[in-house]
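The values are calculated or read from the model by the stated rules, or taken from the named source; none is laboratory data. Keep in mind it's a predicted model, so treat the numbers as computed, not measured. Positions of Cβ are backbone-derived with ideal geometry, glycine not excepted, and every protein chain shown enters the neighbour counts.
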Amino acid sequence: MNTISEVLSKNVARAAVVLMAVVMAGYLAARAVEFLVTFAAEAFLAAIGRPEIVIHGREIYLDYVIDAVLGLAIAGIIVMLVLRSRSNLGADRSAHADQPLHACPYCLSKIPVAATRCSFCTADVSPAGV
Ligand SMILES: [Zn+2]
């Protein structure tokens, strides 16, 4: 049986890896999209001219504003999709809907008695009654 500190360090390490993967995927995707957004913004501004806004004597170019807004929006969408896909990992529970449930000993979520891994906290569990 795992000690509490073993379980904790395993889960903390797993969470750190997931967080790093999400951040890296989000960053790389945002950079790739930024490349495309820059082209779109350039094409748009080439069509309408290159208007500049002057605020307190400082010139603000519209293409920088469009780049920043689109880049942030797309990065946000990508991060949201990644997080959503991760939270859906255990979503296909309809196949196990008729199975009796018991509580996971680690997170106390209801999981099928025959499960060997918790679909909520991903801890290894022994099947109940075996
Ligand atoms: Zn669990």
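One table, with the values for the structure above:
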read-out: Single residue of A30, A41 found to be out of contact with any Gly (no Cβ under 8 Å at 6 or more places or on another chain) and assigned to a helix (DSSP H, G or I); value: A41
read-out: Filter result for the condition that a residue is at pLDDT 85 or above and either hydroxyl-bearing (S, T, Y) or within 16 Å of the ligand (Cβ to nearest atom) (or both), over R93, R86, R117; value: R117
read-out: Residue check, E59 surrounded by 10 or more Cβ atoms within 10 Å (Cβ to Cβ) and among the acidic types (D, E); value: no
read-out: Number of the condition not met by V12 [criteria: (1) over 16 Å from the mean Cα position of the chain (by Cα); (2) surrounded by 11 or more Cβ atoms within 10 Å (Cβ to Cβ); (3) in a helix (DSSP H, G or I); (4) at pLDDT 80 or above]; value: (2)
